[in-house]
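Structure first, commentary second.
Bear in mind that the values in this text are calculations on the coordinates, not laboratory data. Note that this is a predicted model, so its numbers are computed, not measured. Cβ placement follows ideal geometry from the backbone for every residue including glycine, while neighbour counts extend to all protein chains displayed.
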Amino acid sequence: MRYIDEFRDGGVARRIADQIAAEVRPDRRYRLMEFCGGHTHAIARYGLADLLPANIEMIHGPGCPVCVLPIGRIDSAIALAQRPGTILCTYADTMRVPASKGLSLLKAKAAGADVRMLYSAADAVRIAQQHPDREVVFSAIGLETTTPPTALVIRQAEALGLANFSVFCNHVLTPAAISHILESPEVREYGTVPLDGFIGPAHVSTVIGSQPYEYFAEEYAKPVVIAGFEPLDVMQAILMLVRQLNEGRAEVENEFTRAVTRDGNVKAKDLVAEVFELRRTFEWRGLGEVPYSALKIKPKYAAFDAEARWGIGYVSVPDHKACECGAILRGVRKPVDCKVFGTVCTPENPIGSCMVSSEGACAAHYTYGRFRDAAAPAAGPGEAR
């Protein structure tokens, strides 16, 4: 398939790996964070870490929207679902994220709540049309990639006059999270690792473009290479980062030129700007409160804002004591550093959100990397494997 097969060519991957090995400097380490869960999944699935020199360390980032959603927001979604006469709609992985008291949206559904899995935001509008006697709440999550469809269904609901439709908005923003990782004293208090550069998100960047990353590339002297999700995309991005670091550059480069431009999708950004505005602060799992890192529905569309309509408050809830998901999202630890990884915590029985989504670092490593670890010598917390 065009744009797929040629980006999964093992021979080309090995040639890029040889080029990386030839260009890395033996007297330094290269600590590179792949922010997006899609890259984490690709690195694990295709065994890319095994192709890299020992002094290149790939560090998982917080770019999995299911993973960074804090327990308190899931608790609020469950409370909405348990309201009489309510249908709560959401994307599949959200249903399995553990909440307080051993609950999840899936368990709430099993207990009688009407919780429905969607493939598209438009499905929520259709369900609201089909059930005019029920309140339909769409629990919307995601980074900038899934935000335009949510904005579109809010406008559609207004045009249709759907008085029984509302959105519980949990959309978060990538650039704010990256800046927070680099500068926040709160994150430093939690613990972070030194970072030399970033592999920038693929799908997010098709919407927002490459321009938003230019600020922290310049401000914090950290190079960024936007990359697609195929294995050759990732390998080429790593080579580009190595070259920037060797040359002392800190620029935004775009490997994913077949889909990403500097300005992104202007129509999608305009739509989002019409419907949403910035929240002053929002809690991310693992990062704490991150200023101006999430969106809320504008007063103009308050009739479709579930938080405003139902007076939903927010209570911060700590993660399970045995779960290292927060530290993994900050890059401080790796999945195998967690005591419950692969034993108590599995994709079938997740204790933390990083084991829920296929883009989560723990789920990716459980699926593709745990058997390789069994044959490898043990490493300390945060060390490369």
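Observations on the structure shown:
- Computed lengthening from residue 218 to residue 3, 0.36 nm per intervening residue step minus Cα-Cα distance: 74.2 nm
- FRET efficiency, residue 21 to residue 281 (Cβ-Cβ, R0 51 Å, nearest 0.05): 0.70
- Taking a ≥ b ≥ c as the square roots of the Cα gyration tensor eigenvalues, region 170-323 comes out oblate, since a/c reaches at least 1.5 and a/b does not exceed b/c.
- Listed residues 210, 166, 120, most fluctuating in the chain (Gaussian network, C-alpha, under 10 Å): 120
- Within the shell of other residues whose beta carbon sits under 14 angstrom from the beta carbon of residue 142, the net charge comes to -2, with Lys and Arg scored +1 and Asp and Glu -1.
- Bridgeable aspartates and glutamates around residue 300 (alpha carbons under 16 Å apart, same-chain partners fewer than 8 residues away excluded): 158, 270, 274, 277.
- Local electrostatic count, residue 274, Cβ distance below 9 Å [Lys/Arg +1, Asp/Glu -1]: +2
- When you filter the chymotrypsin sites (Phe, Trp or Tyr not before Pro) in region 229-313 for DSSP loop state and at most 14 other Cβ atoms inside 10 Å of their Cβ, nothing is left.
- In this structure, residue 270 and residue 126 have a Cβ-Cβ separation that, at R0 = 41 Å, corresponds to a calculated FRET efficiency of about 0.95.
- Entries of 109/296; 298/321; 296/339 with Cα pairs more than 32 Å apart: 298/321; 296/339
- About the centre of its Cα atoms, region 96-152 shows a dipole size close to 300 debye [charges on the beta carbon of Lys, Arg (+1) and Asp, Glu (-1) only; nearest 20 debye].
- Anchor residue 101: aspartates and glutamates whose Cα lies under 16 Å away (excluding residues fewer than 8 positions away in-chain): 75, 319
- Mean separation of Cα contacts under 8 Å (6+ apart) over length of the chain, as relative contact order %: 22
- Counting Lys and Arg as +1 and Asp and Glu as -1 over every other residue whose Cβ lies under 12 Å from the Cβ of residue 307, the net charge comes to +3.
- Candidates 320, 39, 171, ranked by Gaussian network fluctuation over the chain, Cα under 10 Å, top entry: 320
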